[in-house]
Structures are given as structure tokens and as C-alpha cells.
Ligand code: GDP
Ligand code: MG
């Protein structure tokens with residue numbers, strides 16, 4: 001089968017084109033570094049099927065990061081029949097830099113001028129015929145987004161693939177042409193493939209190449225000795241880059257016909273004057289983030305009720321519903337409650353809860369009527385269904401949050417966030433590059449950890465992998481939502497949305513602090529330089545938003561019906577059977593004995609021995625969370641019936657989240673401890689899948705320290721949170737300890753405190 005590779009700068013639309021060609025749903029985002037690994041698909045509209053490979057974006061063929069290596073190696077080693085060089089036509093000159101390198105390889109290349117729709121919208125013109133003539137390679141105008149020109153592109157690529165093409169270079173007029181040619185001939189003599197390309201890279205002093213061809217490198221070194229100093233002070237890499245740019249400007253500038261309008265400040269630039277403002281950038285980001293959480297978790301839409309209260313002497317307009325009839329009341333409550341008008345996220349959550357209740361009731365009645373055995377009824381109602389509904393009831397609300405985050409991503413704003421955060425935290429050793437995977441962590445830690453391949457510096461990669469879980473993922477969001485709901489219902493003065501927001505920001509702050517500390521201790525060094533082009537803002541694409549959501553939904557459903565159901569069944573068994581496999585009440589169950597045995601561990605965090613008989617549910621929930629974070633809340637859902645059965649004064653009418661909150665409260669847990677519990681779950685070892693990914697993305701030997709880091713950070717932080725919230729004056733103790741710790745680091749870094757190990761080393765020398 002013919003094989004075409006899509007190569008080009010980051011963010012030029014390769015993945016969009018790939019999706020159009022192959023019907024895939026690969027992740028498209030308006031920022032560089034979204035694709036980190038190659039992805040294959042098939043294009044079927046030519047006479048023969050063609051395999052198409054989407055590659056990570058590259059600016060040049062001298063890679064710095066692991067994902068860039070993927071692209072280079074694919075193009076050189078896997079011998080695609082044609083390279084489709086995707087170019088962002090709104091940035092022609094800069095994109096052509098890579099083209100001048102691709103053309104040095106002996107492989108057919110077709111240039112796809114993408115984003116022609118945007119070029120036309122700006123009123124610019126590109127003379128494709130002239131470009132084609134000057135490049136000596138076929139050029140096709142397309143819009144991947146609109147699906148225009150795709151067929152013609154593929155036909156040209158197909159024709160090109162049938163012919164041989166020898167590499168050409170634009171460096172023929174430079175002082176280096178001679179030595180490049182000599183090296184090429186030498187390599188040719190050894191039957192090296194792509195001799196011209198390797199010769200140029202050797203002249204640049206590309207590390208990989210120098211290692212591969214030491215003999216030929218001597219030729220370059222000899223030339224450098226003779227003529228070196230006069231030419232760019234011997235910096236041939238800079239000389240070559242300069243020559244490429246000069247060639248591009250003198251030959252290709254004329255193909256673009258710019259309008260006066262385009263030279264004026266674009267809308268994006270205007271927006272950026274505000275959104276990336278030196279001082280206001282971060283506050284604006286926080287406000288936007290809060291808006292997200294308000295719309296997702298708030299119960300008082302736009303705080304209308306709170307505002308009404310100001311004018312009505314505290315009465316407000318919201319009150320409990322009484323439309324008559326239980327089901328009708330429950331339904332009306334979906335949209336409106338004593339807190340106010342529900343926000344879109346709250347409506348989704350209430351609605352799903354309502355539907356789940358109806359389904360659960362239906363299943364229970366069905367089993368009862370069919371005369372199923374007691375254990376079977378328990379297993380289905382209290383095990384399987386409770387676990388499932390504990391996850392599914394949050395899915396629409398979390399999807400809504402994802403929708404909002406995807407809108408920010410696709411509009412181009414998230415790339416700005418990396419830029420703003422880089423400016424603020426660079427002095428602490430964090431770079432904007434590292435913030436991109438962290439922000440992706442809001443969705444799921446697994447792709448976020450994979451995205452750390454875009455980081456060139458190994459230390460930075462390790463640190464980022466460690467703190468990615470601190471950016472609360474979609475699976476942890478229900479923990480926050482449920483716990484904050486519980487807190488809000490105990491203390492009506494706190495708003496759930498505000499609390500969720502505060503916890504998200506707390507997690508981000510912990511990430512920044514952790515990296516700053518590691519930069520001073522185990523991972524010394526400065527933040528790598530951060531250069532990223534800011535993509536233009538654009539309206540989010542409806543189709544690509546829906547594709548994101550659909551992917552997420554599939555992921556949730558799959559997880560719910562596999563891992564979560566399995567965990568729920570296990571929990572149900574352990575909480576209904578004793579060690580000799582007889583069905584018993586919860587107080588004699590296996591889970592009870594294990595839970596009570598380990599409960600003390602959590603005492604410093606406020607959910608250990610100070611709680612009542614069933615206080616161990618929190619430990620059990622945290623442990624099941626190691627498999628998947630959805631389990632934390634699902635576990636409560638499963639345990640509600642068994643525990644409710646033996647609790648005096650338990651209201652059987654409660655179901656769903658209401659019953660979970662009641663169960664939490666029955667343990668006697670304080671709101672402070674509930675928050676500590678959430679913090680612990682946010683910072684501790686992430687789910688199994690995320691931990692395994694982090695392990696794969698970090699060098700050998702670092703993983704055990706990473707696990708230790710997660711355990712220690714979560715335990716200590718949750719303890720501090722509990723103490724400070726419960727007894728405010730403990731803030732002095734915590735602050736003193738923190739100051740002592742920081743002081744120790746500073747002194748140690750200045751050499752005032754010498755590490756024992758070093759002393760020993762010095763003596764033995
Ligand atoms: P990649 O990094 O090269 O894979 O680029 P993506 O496919 O992820 O696309 C980057 C951004 O460019 C996304 O926001 C796309 O919606 C946008 N984009 C891609 N192709 C086009 C196009 O033909 N026209 C316009 N206007 N935008 C496009
Ligand atoms: Mg991509």
C-alpha cells in the first residue's frame with residue numbers, strides 16, 4: 001500500500017487534514033504540540049487505498065524533543081512514498097523554512113497550502129503557480145477545515161509518488177555549497193541514502209549526524225579550519241539558517257499579495273492586548289476559570305437569587321418547590337430550587353440524577369416482581385446499579401465542563417494561558433511549554449502525561465509528569481462536586497461553585513509550588529526557553545467540539561461498564577459477606593474489619609479515628625480511587641444501602657447524591673475534614689492508568705520517587721489543610737514549618753548546610 005506522510009509546522013492543520021482524509025477523530029487543538037505521536041489511517045477515494053500518517057509538528061529536521069524525533073525518523077527511515085508538506089498559508093514564509101529542508105531529501109514532496117479560506121477572508125492572494133515553479137514541487141491549495149481541494153491534493157500526491165525525486169537544496173549559492181557538495185559525493189560513494197540531506201545536516205553540525213558519519217564530519221571540520229572564522233564566526237548552523245531565510249524572502253515574498261488591511265493590527269492582536277496583559281492576564285484567566293465552574297457547578301444562576309436577597313431583605317425569590325405530586329416536584333427541582341435558578345451544569349446533573357432515580361426504581365421493582373433472590377437483588381441494585389449510577393449521574397455535567405474547556409482550547413485562548421503563566425512563573429523554574437500538558441490535565445492525566453514528550457529537558461519532563469495529576473481531571477471533578485455539595489448543604493453560606501473553583505486553583509498552586517521546590521532541590525536548573533507562536537483566535541469549530549465530547553463520552557461509558565462495575569461488585573461483596581463467605585450485615589463484613597483496621601492512618605487528616613463507626617468509608621473510597629478516581633464517589637453510592645440499613649433514624653426516601661451526603665454526615669465528619677479528604681484525593685497517587693503512563697514517560701528509577709512524592713505531598717497537605725481550617729491558629733505552626741523548610745533549602749543551596757553524603761564522599765577521596 002502507498003504511504004503518505006503529513007509533515008509540517010505545529011498547528012498548521014495536519015491533524016484536521018488527517019481527519020478529513022481518513023475519517024478519524026484525532027485530537028485537534030488550536031495550539032502547537034497537540035499531536036505527539038504518529039497516527040495512521042487510510043484514504044480510500046483514489047484507485048487504490050493509501051495509508052496516511054499524521055506526524056507531530058516540526059519546525060526543522062533537527063529535532064530537540066522526543067516527539068520531533070518521531071517525525072524526523074519517520075520521514076527518513078520509513079520511506080513514505082510521498083511527503084505532504086502541510087503549510088499554514090497565512091504564515092507562508094515561516095512555514096517554508098521546513099519546506100527548504102524537506103526538499104533536500106530524495107522523496108517526492110507535495111506542498112499543501114492549507115487555510116486558504118483564512119487567506120481569502122483576509123483578502124490576500126497567493127500565486128500558487130509561481131510558488132510551484134520556484135519550489136520545483138507540486139503545490140495544491142486546500143482548506144482542511146472546509147474540506148476544499150482535498151481530492152486534487154491527493155491526486156497530485158498520487159502522481160508524485162509514482163515518480164522518483166532527487167533532493168535539491170537552496171544553499172547552492174552560499175559559501176558552504178562547495179563543502180556540502182564534497183560531503184554529498186563522499187556519502188554517495190558509500191551508497192548512503194539521502195546523501196544531500198545528510199551532507200547539509202553535517203555542515204550544520206547536527207549532533208545525531210555527527211555521530212553517524214564521523215569520517216565525513218572531518219571534511220567539514222577541515223573546511224571550517226580554513227575558512228571558518230570569516231564565515232559567521234564559524235557558526236555554520238546559523239549561516240545555513242540565515243541562507244534559508246534569505247532565499248525564502250528573496251524568492252517567495254512576491255508570491256503573496258498582501259492587502260493594506262492585513263498589515264493593520266489584526267483582531268487577535270487587539271484581543272491579546274487585553275487577554276495577555278502583563279498585570280491583568282492572570283486575573284482575567286482566573287475570572288474565566290471561575291465562570292466555567294459557576295456555569296458547571298453553581299446552583300444559583302448568575303447569583304440572581306443572592307442579588308435578589310439584597311433587595312428583599314434576605315428573602316430572595318427562590319424557595320422549595322411544591323407543584324404537587326412527588327415526581328413532579330422532583331422534576332421541577334431539576335431547574336429551580338431553594339438556592340435559585342439552576343445553572344446549565346446543575347440542570348444536567350439534576351436531570352441525570354432524576355432519570356437515574358427512575359431507572360433504579362424501575363430495576364428494583366422489576367427484580368422484586370420477578371421474585372429474584374435477596375442476594376441477587378442486592379447485587380444488582382446495590383452493587384452494579386449503584387456503582388454505575390454513581391458514575392453516570394456525573395457524566396453530563398462533566399461533559400459540559402469539558403465542552404467549556406474545549407471552547408477555550410479551540411479558540412486559541414489556552415495557548416495564551418501557557419504564555420501568561422510562563423511570564424509569571426519562569427523565575428520559579430517553570431516554563432510555558434510545561435504548562436500545556438498541565439492544562440491538558442484538566443481533561444485527563446493520561447494524554448497530558450504523553451504530551452510531556454514535547455518537553456526537551458528531561459528534568460522538566462519528570463517534574464511535569466509528577467504535578468500533572470494536581471490539575472484536577474474530569475474523573476476527580478465528581479469528588480469535588482459531591483463533597484462541595486455536602487459542605488454547601490451543611491454551611492449554606494458557602495457556594496459549591498466557589499469551593500470547586502478554590503480547590504482547582506489550590507491544585508494548580510500546589511503544582512507550581514512543587515516544581516519550584518524541586519527546582520531548588522532534586523531537579524536543579526533553569527526553565528527551558530519558551531518560544532511558541534500564538535495562533536490566531538478563531539470561533540471554535542462545532543464539529544471538532546462534538547468530536548471531543550463524543551470521544552470523552554465513549555471513554556466514560558467504557559470505563560463505567562468495565563472498571564467501575566467490577567469495582568462496585570467487589571465492594572458490594574466485601575461489604576455484604578464475612579470472612580467465611582456468608583451473607584451478613586455490614587457490621588460483620590470483610591470490608592468493615594479491613595476498614596476499621598486501617599482507619600487510624602487518616603486521623604491527622606480529620607477522617608480517621610475521630611469519626612464514628614462507619615468513618616472508614618473514606619479510607620475505603622480513597623483506596624478504590626487508586627483504580628479509577630470515579631470509584632471514590634461510586635463507592636459511597638454502593639455502601640449507602642448497607643450502611644443505611646443499620647443506621648438509626650436513616651431516611652429511606654433519600655437516594656442518589658442526597659443519600660451520599662447524608663451518609664457522609666452520619667459519620668460525624670466536619671466540613672474541614674471533607675475538604676482535607678478532597679485535597680488528599682486530588683494530590684495522591686492518580687488512577688492506575690495515569691500512574692502507568694507517567695511511569696512510561698519518565699526515565700527509569702524516577703518512578704518510585706514519584707510515587708513517594710505523591711503520597712507524601714497528599715498526606716502532609718491534607719493534614720495541613722485540616723489543621724488550619726479547624727484550628728485557625730495552627731496556621732502559624734504550618735507557616736513556621738514551611739518557612740523552616742524553605743530556609744533549609746536556601747541555606748543548603750548556598751552551601752551553608754552540607755549534605756552528609758557529600759561529606760563522606762569528600763573524606764573517602
Ligand atoms: P496540527 O497541529 O498541524 O495537527 O493542527 P490541527 O489540525 O490541530 O489544527 C490547528 C488549528 O488550525 C485548529 O484550530 C484547526 O481548527 C485550525 N485549522 C486547520 N485547518 C484549517 C483550515 O483549513 N482553515 C482554518 N481557518 N483553520 C484551520
Ligand atoms: Mg496535530
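Between the stretch 418-475 and the stretch 354-401, what is the separation of their alpha carbon centroids in Å? Centre-to-centre distance over Cα atoms comes out at 38 Å. What does the C-alpha gyration tensor say about the overall shape of the stretch 47-104? Classify as rounded when a/c is under 1.5, otherwise prolate if a/b is larger than b/c, or oblate. In terms of gyration-tensor shape, oblate. Each part reduced to its alpha carbon centroid, the stretch 1-27 and the stretch 639-702 end up 41 Å apart.
How much length, in nm to one decimal, is gained on full extension between residue 750 and residue 582, taken as 0.36 nm per residue of separation minus their Cα-Cα distance?
Details: separation 168, 0.36 × 168 = 60.48 nm, distance 6.41 nm.
Full extension of this stretch gives 54.1 nm more.
Subtracting the Cα-Cα distance of residue 48 and residue 185 from 0.36 nm times their residue separation leaves 45.6 nm of extension gain. The equivalent ellipsoid that matches the C-alpha gyration tensor of the stretch 1-91 spans semi-axes of 20, 16, 11 angstrom, in descending order. Between the helical axis of 92-102 and the longest alpha-carbon principal axis of the chain there is an angle of about 70 degrees.
Each principal axis of the Cα atoms in the stretch 104-219 has its own extent, and those three values, largest first, are 51, 30, 24 angstrom. Exposure proxy shown here: for 504, 491, 64, the number of other Cβ atoms within 10 Å sets the order, fewest to most, as 491, 64, 504.
Mean projection of the alpha-carbon convex hull of the stretch 244-394 over all orientations, in nm²?
On the way: hull surface 80.8 nm².
Taking a quarter of the hull surface, the average projection is 20.2 nm².
Volume per residue of the convex hull around the Cα atoms, evaluated for the stretch 173-301, comes out as 248 Å³.
Quick one: what do you get for the stretch 668-740 if you divide its Cα Rg by 2.2 N^0.38 Å? Display every interim value, and only then the final one.
Details: Rg = 15.0 Å, N = 73, 2.2 N^0.38 = 11.2 Å.
Working it through for the stretch 668-740, the quotient is 1.34.
Sort 86, 446 so the one with the fewest other Cβ atoms within 10 Å of its own Cβ comes first.
Numbers: 86 31, 446 21.
By the 10 Å Cβ count, ascending: 446, 86.
Pairwise inverse Cα distances across the chain, averaged and inverted, put the Kirkwood hydrodynamic radius at 29.5 Å. Diffusion of the stretch 181-222 by Stokes-Einstein, at 4 °C in a medium of 1.567 mPa s and with Rh set to the Kirkwood radius over alpha-carbon pairs, works out to 134 µm²/s.
Take the alpha carbon atoms of the stretch 161-204, find their center, do the same for the stretch 516-569, and report the distance between the two centers in whole angstrom. First find each Cα centre; the distance between them is then 41 Å.
Quick check on the stretch 399-473: what are the equivalent-ellipsoid semi-axes from the Cα gyration tensor, as sqrt(5λ), descending, whole Å?
Each semi-axis is the square root of five times an eigenvalue, giving 20, 15, 10 Å.
Using the rule -39500 (n - 2.57) for each DSSP H run of four or more residues, divided by the residues of the chain, the 222 nm mean residue ellipticity is -18500 deg cm²/dmol. Once Rg and the Kirkwood radius are both taken over the C-alpha atoms of the stretch 424-557, their ratio Rg/Rh works out to 1.03. Taking every DSSP bridge with both residues inside the stretch 50-174, close to 10 percent are antiparallel. For the chain, relative contact order (Cα pairs under 8 Å, six or more residues apart, normalised by length) works out to 10 percent.
Is the stretch 608-747 rounded, prolate or oblate when judged by the Cα gyration tensor, a ≥ b ≥ c being the square roots of its eigenvalues, rounded requiring a/c under 1.5 and prolate requiring a/b larger than b/c? Walk me through the intermediate numbers first.
Numbers: a/c = 3.54, a/b = 1.42, b/c = 2.50.
It comes out oblate by the Cα gyration axes.
Bridges between two residues of the chain, per DSSP, are antiparallel at a rate of about 35%.
Under the shape rule built on the C-alpha gyration tensor, where the axes satisfy a ≥ b ≥ c, the stretch 95-143 is prolate, since a/c reaches at least 1.5 and a/b is greater than b/c. What do you get for the angle between helix 195-204 and the principal long axis of the chain? Use alpha-carbon atoms, 0 to 90 degrees, nearest ten. Compared with the principal axis, the helix lies near 80 degrees.
Legend: ranking of residues 168, 416 from fewest to most surrounding C-beta atoms inside 10 Å; resulting order 168, 416.
Values quoted throughout were computed directly from the atomic coordinates according to the rules given, and no laboratory measurement underlies them. Small disclaimer: the values here were computed from a predicted structure and weren't measured. Using ideal geometry, Cβ is built from the backbone for each residue, glycine included, and neighbour counts are taken over all protein chains shown.
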